[in-house]
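S.K.: Got a structure for you, questions after.
The values are calculated or read from the model by the stated rules, or taken from the named source; none is laboratory data. Source: prediction; values computed, not measured. Reconstructed Cβ throughout: ideal geometry from the backbone, glycine too, with neighbour counts over all protein chains shown. Remember, those area values only see protein heavy atoms, side chains included, never the ligands or the DNA or RNA. Shrake-Rupley method; radii C 1.70, N 1.55, O 1.52, S 1.80 Å.
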Amino acid sequence: DAGVIQSPRHEVTEMGQEVTLRCKPISGHDYLFWYRQTMMRGLELLIYFNNNVPIDDSGMPEDRFSAKMPNASFSTLKIQPSEPRDSAVYFCASSLFHHEQYFGPGTRLTVT
Amino acid sequence: GESVGLHLPTLSVQEGDNSIINCAYSNSASDYFIWYKQESGKGPQFIIDIRSNMDKRQGQRVTVLLNKTVKHLSLQIAATQPGDSAVYFCAPWNAAYKYIFGTGTRLKVLA
């Protein structure tokens, strides 16, 4: 299995631009999680899906952030408009039930 | 809400010695815990888990101890190797199906 796939691996954008991060979970997993990691706040859960349905988005910072999971093999996290404080590493993870989560390699986002 | 604290943000250990990474949690309802290892530039990777009906679980060179009375976990790594250098997270699971990771503990292995 290729594991969780994320793209792009690095993204540099200017403030105000729209950013879309993509994730392909491990086949057969029914949970998908989006995390953000910064030095100051560590690893924070933004939102998670179960069977493609958003279950908890209480970690989404504000309305500028949105996430979708149109099917079992694809999810996106969108930031519009982006701000410098959004700069972080964004991880996608998937799991079977809510057990051990398998993380992707992350997307390093820099907003200038 | 849930909080996870780590007693030692950075731990330096001599190669070959044993490492102990500690973790305190606040939600007494947490009944499942996972330790993750994150190497530089990579996503966290599962190391070992433990359920609240256990107080000890062993894996390959790692042992996790759980003390529910004081809401404390520890991860013990035997014969620490350079490849063990990483950031370690303990992640208690709460009833909202969420793991709380916190900032982690950095383990540095000295040659």
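S.K.: Along each of its three principal axes, how wide is the spread of alpha-carbon positions in the protein assembly as shown, in whole angstrom units, largest first?
M.R.: Its Cα atoms span 49, 37, 35 Å along the three principal axes.
S.K.: Return the long-range amide H neighbours of B:Asn27 (sequence gap of 5 or more, or a different chain), with a cut-off of under 5 Å between placed amide H atoms.
M.R.: B:Ser3
S.K.: What is chain A's relative contact order, in percent, from Cα pairs under 8 angstrom and six or more apart in sequence?
M.R.: With pairs under 8 Å counted, the relative contact order is 37 percent.
S.K.: Can you give the % of DSSP beta bridges in chain A that are antiparallel, to the nearest 5?
M.R.: Here the share of antiparallel DSSP bridges comes out near 90 percent.
S.K.: Interface A/B, total buried accessible area with a 1.4 Å probe, nearest 100 Å²?
M.R.: Buried area (both sides, nearest 100 Å²): 1500 Å².
S.K.: Ok, one more. Students often get this wrong, so check it: of A:Lys24/B:Lys56; B:Lys71/B:Lys98; A:Lys24/B:Lys71; B:Lys37/B:Lys71; A:Lys68/B:Lys68, which have C-alpha atoms separated by over 28 Å?
M.R.: Correct reply: A:Lys24/B:Lys56; A:Lys24/B:Lys71; A:Lys68/B:Lys68.
S.K.: From the backbone phi of region B:44-56, what are the Karplus-calculated ³J(HN,Hα) couplings (6.51 cos²θ - 1.76 cosθ + 1.60, θ = phi - 60°) in whole Hz, Gly and Pro given as x?
M.R.: x, 10, 4, 10, 6, 10, 8, 9, 6, 8, 10, 10, 7
S.K.: Using Cα pairs under 8 angstrom and six or more residues apart, how large is the relative contact order of region B:19-111, in percent?
M.R.: Worked out over region B:19-111, it gives 32 percent.
S.K.: Now a separate question. Averaged over peptide B:98-105, how many Cβ atoms belonging to another chain are found within 10 Å of each residue's Cβ?
M.R.: That works out to 5 on average.
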